[in-house]
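Let me begin by presenting the structure, written as C-alpha cells, before commenting on it.
The values are calculated or read from the model by the stated rules, or taken from the named source; none is laboratory data. Just so we're clear, the structure is a prediction, and the values are computed from it rather than from any experiment. So basically every Cβ, Gly included, is an ideal-geometry build from the backbone, and we count neighbours across all protein chains shown.
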Amino acid sequence: MKKIFALIMIGMLAVSMAACGQAAQSSLSQETTAAALTTAAEETTLEAPEEVISGGYVDAASPVVTDEVKALFDKAAQGLTGVEYVPVAYVSSQVVAGTNHLLLCKATPTTPDANTTYALVTLYEDLNGGAEITDIRSSDAQAPVSFDEPMDGADAASESPEVTEEAKEALTKATELLTGATYEPVALLSTQVVNGMNYTMLCKITTVTAEPKSDYAVVTVYANSDGTAEITETIEFAPAQN
C-alpha cells in the first residue's frame with residue numbers, strides 16, 4: 001500500500017514539473033517572439049525611405065509678385081519661344097519636393113499686332129534654386145492695352161493686383177443672389193469708367209456641392225451708379241495639361 005502511494009506521489013510530482021516546464025517554455029517563447037517583433041519594427045522604421053509630404057495649393061496672402069518670384073520666373077522663361085509671359089499676380093503655392101508657384105500672367109505672342117491675353121502659369125522651384133515652367137493654361141480674356149496717356153472710357157490696367165474695397169463690394173453685390181458657387185476675388189486686373197464702373201478680376205470660383213471643386217476665371221463685374229451690380233462676363237482658362 002505504501003509503495004502504491006509513493007508511486008502516485010511520484011507521478012503527480014512528474015506531471016507538476018512537466019507543466020511548470022511547459023509554462024516556462026511558453027513564457028520564454030512569448031518573450032522571444034515579442035522581442036523579435038520589436039526588432040523587426042525598429043528595422044522597418046529605420047530602413048523606410050523618407051517621403052515628402054505634399055499638400056494642396058494654398059491661397060496667397062497677397063497677389064503682389066515679389067522680386068524673388070520674378071527672378072525665378074525670368075530664369076524659367078528663358079527657354080520659351082513664341083509667346084512672352086509677364087507675371088501680374090501671385091495666386092497660390094504648393095509645397096512638393098520644392099515649391100509650385102501659380103501665377104497669373106499676361107501672354108503676348110511674338111507676332112505683329114498680336115492680342116495680349118491672360119494665362120495661368122505654374123512655376124516649379126526645386127530645392128536647389130532651379131526653376132522651370134511646368135504648365136500653362138491659356139484663356140481668351142483680353143488684357144488691357146497700355147496707353148501713354150489715360151483715355152476716357154478705356155479699360156485701364158490696375159496699378160496693383162490688390163483688390164480694392166470697391167471691387168470687393170461690387171462682386172459681393174453681384175453674387176449675393178447666385179446659388180451653386182461662391183466667388184472669391186483674387187486679383188484686380190483692370191477698371192473701366194462707364195455709366196458706373198467695370199471691374200475685371202481674377203476670381204476663385206468654388207462649387208457648393210458635397211465635394212466642392214475650385215477653379216479660376218477672369219470675371220468682369222459692372223457696378224451701376226444706382227448701387228446695383230452684376231457679372232457681365234466670365235472667361236475660364238483651358239484645362240491643365242498635366
- Those residues of the range 182-209 which are closer than 20 Å to Thr228 by Cβ and in a loop (DSSP other than H, G, I, E, B), in sequence order: Asn195
- Message: Quick check on the range 203-210. Is at least one of its residues small (Gly, Ala, Ser), surrounded by 13 or more Cβ atoms within 10 Å (Cβ to Cβ) and not assigned by TED's automatic domain parsing to the domain that holds Val91?
- Response: no
- Query: Are there any pairs, at least 6 apart or on different chains, whose C-beta atoms fall under 8 Å, with the first in the range 60-77 and of a type in the set (Ser, Thr, Tyr) and modelled with pLDDT of 95 or more and the second surrounded by 15 or more Cβ atoms within 10 Å (Cβ to Cβ) and not in a loop (DSSP other than H, G, I, E, B), and if so, which?
  - Reply: Ser62/Tyr90; Thr66/Tyr90
- Message: List the strands (runs of 3 or more DSSP E) inside the range 93-181, counting only whole elements, that have at least 1 residues being touching a Gly at 6+ places or on another chain (Cβ under 6 Å) and not assigned by TED's automatic domain parsing to the domain that holds Met197.
- Response: 117-125
- Considering only residues of the range 63-92 that are assigned to a strand (DSSP E or B) and not hydrophobic (A, V, I, L, M, F, W, C), which is farthest from Ala119 (Cα to Cα)? Ser92
- State whether one or more residues within the range 93-114 are among the hydrophobic types (A, V, I, L, M, F, W, C), in contact (Cβ under 8 Å) with a residue 24 or more places away in the chain and within 28 Å of Asn224 (Cα to Cα). yes
